[in-house]
Amino acid sequence: MISPYAGLSVYQWVERTRELILKHPLNSTELYAVVHQVWQDIFLSSIGSKPFHIGTDLFPRPQIMAYLLHELVPLELERRYPGYWRRDLQASEKDIVYIPDDTFSIEIKTSSSSRNIYGNRSYAQKGNVPKKEKSGYCLAVNFQKFAGSADAPKVTLVRFGWLDHEDWIGQKAATGQQSRLPADVEQYKLLELPL
């Protein structure tokens, strides 16, 4: 896949990102609203017959909250737009699949970091045959951890844009399992929603 940023300087990335977002079939304001609705729904849900509530009885680690976002955002879009959007059904698909045209499918990245997002080490590896296309639209959600106070954690940042496989930088250690994005990529290829 040829990058939509090919031949552009870093200073031209933000305009190209805006173009890509405007071209996307999901309205950026609605995507922002879906993330926030799903986050609120997590705290309204009950678990088990007692019932237990997240934020009252259960205080999941960030990995669990990220998993819930990963699962519920695609399900909410599928509920709103059946036949157009659905969650991934196999490892070769992005997290949110746009049925009419896979080009618009979306990968979700979440983090309890205040600003940064991270990927698996495989995102930065070159030359291997990936399970799924690593370049494309990306929804990045940053959220707070449970801090032991009565206040529920909040979504702090929702960004949307396009990331290329080559944007990811792997950890130097051979055993490192994480990859990160350079600051200019996070700033100009992932734009804060709503636009």
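Report the FRET efficiency, 1/(1 + (r/R0)^6), for L89 and Y11, where r is their Cβ-Cβ distance and R0 is 45 Å, rounded to 0.05. All intermediate terms of the calculation are to be shown ahead of the outcome.
On the way: r = 40 Å, r/R0 = 0.88.
It comes to 0.70.
Check S179: other-chain or 5+ apart residues with amide H under 5 Å from its amide H, H built from backbone geometry?
Correct list: G119, N120, R121.
Can you pull the one-decimal nm distance between simple spin-label points at Q40 and N120, each 7 Å off the Cα toward Cβ?
3.3
With each label point set 7 Å from Cα along the Cα-Cβ vector, what nm distance links S49 and R61?
For S49 paired with R61, the spin-label model returns 3.0 nm.
What does the highest-first list of 155-165, 60-70 look like by mean Cβ count within 10 Å? List each step's numbers first, then the result.
Numbers: 155-165: 20.4, 60-70: 16.0.
Result, highest mean Cβ count within 10 Å first: 155-165, 60-70.
Out of residues 5 or more away from C138 or on other chains, whose amide H comes under 5 Å of its own, with H placed 1.01 Å from N in the peptide plane?
E107, G161, W162, L163
Can you grab the distance from the C-alpha centre of the range 5-31 to the C-alpha centre of the range 77-106, Å, no decimals?
Measuring centre to centre over Cα atoms gives 20 Å.
What is the spread of the Cα atoms of the chain along each of their three principal axes, largest first, in whole Å?
Sorted largest first, the three principal extents are 57, 42, 31 Å.
Evaluate the relative contact order of the range 10-192 (contact order divided by residue number), counting alpha-carbon pairs under 8 angstrom at least 6 apart; express in whole percent. Before the final figure, lay out each step's value.
Numbers: 303 pairs, mean separation 37.7, N = 183.
That works out to 21 percent.
Taking amide H positions as placed 1.01 Å from N in the peptide plane, with prolines and chain starts having none, which residues 5 or more places from Y81, or on another chain, fall under 5 Å of its amide H?
For Y81, no residues qualify.
Can you return the lysines within cross-link range of K189? Criterion is Cα-Cα under 17 Å, with same-chain partners fewer than 8 residues away left out.
By straight Cα distance, K189 reaches K23, K109, K134.
Since every read-out is calculated from the coordinates, none of them should be taken as a lab result. Computed from a predicted model, the values in this text were never measured in an experiment. Reconstructed Cβ throughout: ideal geometry from the backbone, glycine too, with neighbour counts over all protein chains shown.
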